[in-house]
Every structure is written in structure tokens, then in C-alpha cells.
Amino acid sequence: MLKQETGKTAMDLIHIYLIAEAKNMLKVHDQNVSEVAYSLGFENLPYFSRLFKREVGVSPNQYRKVSLN
């Protein structure tokens, strides 16, 4: 039913939310990428990085560098 209404699966919406949180954490906190990933419940850092890059277009480290400038 959710997919019919939004065009996205529940997992897609969860990932969108988690990536938005990760973006905020990378801008504000001094945590490294692995700490951000683990604090959001990702146990697999490469998976988090791939997901982040797919959703945002750049890696978490690149995003942090760009957002801090």
C-alpha cells in the first residue's frame, strides 16, 4: 500500500531518512564516517558508503569536505 501511494518501498523511505540524518551528522559532529554509520545502525561500513553515494552522489568523506567549505 505504501508503494502504491508514494512509489517507494518502506526500505527506500527508511534509507532516505537515515541518509538525511547521516548528512546532518557529517556536517555538525566530529565523528568519523564509521562512527556515523554505526550510530545509525549500519554494521557494514562499505554498504553505508555505497548507499550514501547512491543517494547523495558523493561519498560521505567528499560530502563532509564540501559541506564544511
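Per-structure values
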| quantity | calculated |
| --- | --- |
| Non-local Lys pairs in the chain, i.e. 8 or more apart or on different chains, that have alpha carbons under 16 Å apart | 5 |
| Spin-label pair Met1/Glu55, simplified geometry with 7 Å Cα→Cβ offset, distance in nm | 2.5 |
| Geometric extent, Cα atoms of the range 2-68 - Rg, Dmax (angstrom) | 12.3, 39 |
| Label-point gap, in nm, between Ser39 and Lys65 - each point 7 angstrom along Cα→Cβ | 2.2 |
| Size of charge dipole - the chain - debye, nearest 20, with Cβ of Lys, Arg +1 and Asp, Glu -1, no other charges | 280 |
| Positive-end residue, the chain charge dipole about Cα centroid, Cβ charges, pick of Gln4, Gln62, Ile14 | Gln62 |
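Computed from the coordinates by the stated procedures, all read-outs in this text should not be read as laboratory data. Quick caveat, the model's predicted, so the values are computed rather than measured. Every residue, glycine as well, gets a Cβ built from its backbone with ideal geometry; the counts of neighbours run over all protein chains shown.
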